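The values are calculated or read from the model by the stated rules, or taken from the named source; none is laboratory data. From a predicted model like this one, the values you see are computed outputs, not experimental measurements. Please note: Cβ atoms are built from the backbone with ideal geometry, for glycine as well, and neighbour counts cover all protein chains shown. In case anyone asks, the SASA skips ligands and DNA or RNA and just uses the protein heavy atoms, side chains included. Shrake-Rupley method; radii C 1.70, N 1.55, O 1.52, S 1.80 Å.
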Amino acid sequence: GFRTGREAAGGIQAGGAWGVTVARGYAKASNAAKEVIKTLKLYKPTSPGQRGRITTVRDSLWKGKPYKPLTVGLRKSGGRNNHGRITVWHRGGGHKRLYRMVDFQRKLRDVTGIVRRIEYDPNRTTRIALVDYEGDAKPAYLLAVDGMKAGDTVRSGDSNTEIRPGNAMPISSMPVGTNIHNIELRPGQGGKLVRAAGTTAVLVKKGEGGYATVKLPSGEQRLILNTCYATVGMLSNREHHNRVLGKAGAKRWLGVRPTTRGVAMNPIDHPHGGGEGRTSGGRPSCTPWGVQTKGKRTRNNKKTDNMRVSRRPTGKLKSKK
């Protein structure tokens, strides 16, 4: 490709149709880069922690407090269970949070809602939308789809519901090829799958046995009941995966504590521990309990094995025979 517009112009004159094609590709790439820059915030290196720090833009989000009737206090566990023993490592501290009660079930059916505002939610990576409904229905928080803004309308239900981002309906009412998120596993249970920022699944096929085939973001294809609800569209904050925290303290704000390497421990604490001087562990990478970490499958749920049409791609190259 060309590094500058002047080089692209030279390519057009010299290469004819080929130059035009490459120049168009350059223009598309530059436009895409501009769109990414609009959604990411780069910091000036006024300190070592600010150098390289990148966050997602929040200028268009609600700057006030959340809607109080839909919030509840959130107690931190610090990774400990009901006996006070640490069951999840590297958890503790972090900024105090209020939990926003999000409507994953889309309980109000066949009622039009109007988005009041888009808010930041510290408990999830995607944005949430405060929606006002017609009549006497109370407001609700929903997962905001990509491009949603104040004044947009959303609807949930099987009848008179358009195939439009933000609308929820049974999978049986959607055409094949629809991008969906917040997918139920059991009817009425509420969405369980595809709820993170920028994620979307694809409805691949609608079968005759009451099940539809859905391709998840991981690449796995799974059977979902046709009567389960899902929401149309891609979730908001899709540049979340491009953020750079910039310093260790930013990770502490999120409630994540430091990780000690196994090779820095004693033999009683980790299989990689001990040895004279610095060692590499002396065995394939594993957890403190001896389970291999580099690609070993640990899934053990035989009840749902028959619901998987195909596993996610592993990325390993197939050996040529």
- Item | Percent RCO, i.e. relative contact order, over the chain, from Cα pairs under 8 Å lying at least 6 residues apart | 14 percent
- Label point distance in nm, M265-R308, each placed 7 Å from Cα along Cα→Cβ: 2.8 nm
- Item | segment 211-228 - phi-based ³J(HN,Hα) in whole Hz, Karplus 6.51/-1.76/1.60, Gly and Pro as x | 10, 10, 9, 10, 8, 7, x, 6, x, 5, 10, 9, 8, 10, 4, 4, 7, 6
- In debye, nearest 20: dipole of segment 128-256 around its Cα centre with unit charges on the Cβ of K, R (+) and D, E (-)? 720 debye
- Message: Can you tell me the length gained on complete extension of the stretch R299 to R75, counting 0.36 nm per residue apart and subtracting the Cα distance?
- Response: 77.6 nm
- Item | Accessible area per residue in Å² at 1.4 Å probe, computed on segment 231-307 | 74 Å²
- Distance in Å, no decimals, from the C-alpha centre of segment 173-216 to the one of segment 75-99 is 32 Å
- Under 18 Å by backbone N from the virtual spin label 7 Å along Cα-to-Cβ at R116, the residues of segment 145-189 are 145, 149-155
- Query: What Kirkwood hydrodynamic radius, in Å, does segment 146-260 give when the mean of 1/r is taken over all pairs of distinct Cα atoms and then inverted?
  - Reply: 15.6 Å
- Kirkwood Rh, Cα Rg: Rg to Rh for segment 186-321? 1.08
- Query: With θ set to phi - 60° and the Karplus curve 6.51 cos²θ - 1.76 cosθ + 1.60, what are the ³J(HN,Hα) couplings of segment 173-181 in order, to the nearest whole Hz, using x for Gly and Pro?
  - Reply: 8, 9, x, 5, x, 6, 7, 9, 8
- Counting other Cβ atoms within 10 Å of each Cβ, which chymotrypsin sites (Phe, Trp or Tyr not before Pro) in segment 39-117 have at most 15 and sit in a DSSP loop? Y43, W89
- Carbon and sulfur together cover what percent of the accessible area of segment 81-195 at a 1.4 Å probe radius? 49 percent
- Note on the structure: Beyond 15 Å, the calculated P(r) of segment 182-228 holds a percent of Cα-Cα pairs equal to 41 percent
- Once you've got the GNM for the chain with C-alpha springs shorter than 10 Å, pick whichever of D110, D152, D269 has the biggest mean-square fluctuation. D269
- Over all viewing directions the Cα convex hull of segment 86-226 casts an average projected area in nm² of 10.5 nm²
- Among V194, V202, V72, which one moves the most in a GNM of the chain with springs linking Cα atoms closer than 10 Å? V72
- Task: Would you mind getting the Kirkwood hydrodynamic radius of the chain from its Cα pairs, rounded to one decimal in Å?
- Result: 23.8 Å
- On average, how much area does the Cα convex hull of segment 157-209 cover when viewed from any direction, in nm²? 4.1 nm²
- Task: Choose one answer from R155, R116, R299: the residue with the largest mean-square fluctuation in a GNM of the chain with alpha-carbon springs under 10 Å.
- Result: R299
- Give the whole-number value, in cubic angstrom per residue, of the convex hull volume spanned by the C-alpha atoms of segment 85-138. 138 Å³
